[in-house]
Amino acid sequence: MKRILAIDDDSVMCQYLSLVLSENKYMVQTASTGKEGIKAAKEISPDLIICDVLLPDIDGFHVIKELQKQQLTKNVPIIFISACKTEIDDIRRAMELGADDYLIKPFKPEEILKSVEVRMKKYQELIKASKQESKKTPGSKKPISKEKSKWILVRGGNIELINTDKILYLLAEADYTKVFTDDGKKHMVSRLLKKWEEILPKENFLRIHRSAIVNLDYVKKIEKWFNSAYRIYIQNTGEPLTVSRRYVPKIKSYFLELPN
């Protein structure tokens, strides 16, 4: 059973998190101050931490800095939670420090569960990859390097912050780009696809066509198409995206086997 540490001075929020997460087979421990949370994290070595930004003694930013100094906790995924009145600068600061997600109160049970599931899955994949690497090279242990998502400010119809983890794929349209996110939204942004390539995490995003970039975390199926091209199916979407012949070698470098 995966262990989650929730740090929040609001007892009602702690009870809410404990109820929602325990009902979904997570073991939950709570702490009401930042210092208590740091101590608990060192003692139980949680698989994930949920931390409020505003705490009575030290803030959540200080908590994450302290946890990153410890070998046992420096790579543990952290989800920040905060009240509705949250400044964009606070979200940016959290992400720069290494937070994996940022949720605004009040949030629905499915929102926190989805965030926990996604972060936990990525963390376990990193641990597995690290173990496999150490088996290949006996006697050497490769430290886990936590892959960081980014928050990107987009100016379309509205000014919004988008977490790169939530982007499914991007399509070019003249001088604009359509950004499709996992909540079903489509953002029209005045930015060329080439510029997106420069700012998106290269471990997750891959150009598959002169007019398309996909998030590899959401690829559910790849099939051979005609004329030596391939088609990629993305989760939560209907129509596949075409991989042009020019980008097939890149796809092969990411996926060990492709359909013939």
Reported set for the range 188-243 where residues are hydrophobic (A, V, I, L, M, F, W, C) and in a loop (DSSP other than H, G, I, E, B) is L192, L200, W225, F226, A229
Within the range 25-55, can you find the residues that are in a loop (DSSP other than H, G, I, E, B), farther than 19 Å from M120 by Cβ and not β-branched (V, I, T)?
-> S32, L54, L55
Can you tell me which residue in the range 75-113 is nearest to L54 (Cα to Cα), limited to those that are part of a helix (DSSP H, G or I) and at pLDDT 80 or above?
-> I112
Could you say whether any residue in the range 39-61 is crowded, with 17+ Cβ neighbours inside 10 Å and of a type in the set (S, T, N, Q)?
-> no
Under 6 Å between Cβ atoms, at least 6 apart or on separate chains: pull out the pairs that start in the range 40-58 with a residue that is under 16 Å from K74 (Cβ atoms) and end on any residue that is in a loop (DSSP other than H, G, I, E, B) and basic (K, R).
-> D47/K2
Please verify whether the range 25-35 includes one or more residues that are out of contact with any Leu (no Cβ under 8 Å at 6 or more places or on another chain), of a type outside the set (A, V, I, L, M, F, W, C) and crowded, with 19+ Cβ neighbours inside 10 Å.
-> yes
Could you list, in sequence order, the residues of the range 1-24 that are out of contact with any strand residue (DSSP E or B) (no Cβ under 6 Å at 6 or more places or on another chain) and either of a type in the set (A, V, I, L, M) or loosely packed, with under 15 Cβ neighbours inside 10 Å (or both)?
-> S11, V12, M13, Q15, L19, V20, E23, N24
Apart from one, (1) at pLDDT 75 or above; (2) surrounded by 16 or more Cβ atoms within 10 Å (Cβ to Cβ) all hold for W151; the odd one out is (1)
Would you be able to say whether some residue in the range 203-215 is exposed (fewer than 14 other Cβ atoms within 10 Å of the Cβ) and at pLDDT below 85?
-> yes
Return a yes/no flag: does the range 65-81 have any residue that is among the polar types (S, T, N, Q) and more than 18 Å from Y123 (Cα to Cα).
-> no
Looking at I58, is it in the same structural domain as L17 (by TED's automatic domain parsing) and either polar (S, T, N, Q) or not in a loop (DSSP other than H, G, I, E, B) (or both)?
-> no
Determine, yes or no, whether L193 is modelled with pLDDT of 85 or more, out of contact with any strand residue (DSSP E or B) (no Cβ under 6 Å at 6 or more places or on another chain) and not assigned by TED's automatic domain parsing to the domain that holds K65.
-> no
Taking F180 and the conditions (1) modelled with pLDDT under 85; (2) outside any loop (DSSP other than H, G, I, E, B), which numbered condition does it fall short on, given that it satisfies the others?
-> (1)
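The values are calculated or read from the model by the stated rules, or taken from the named source; none is laboratory data. Keep in mind that this is a model prediction, so the values were computed, not measured. All Cβ positions, glycine included, derive from the backbone under ideal geometry; neighbour counts span all protein chains shown.
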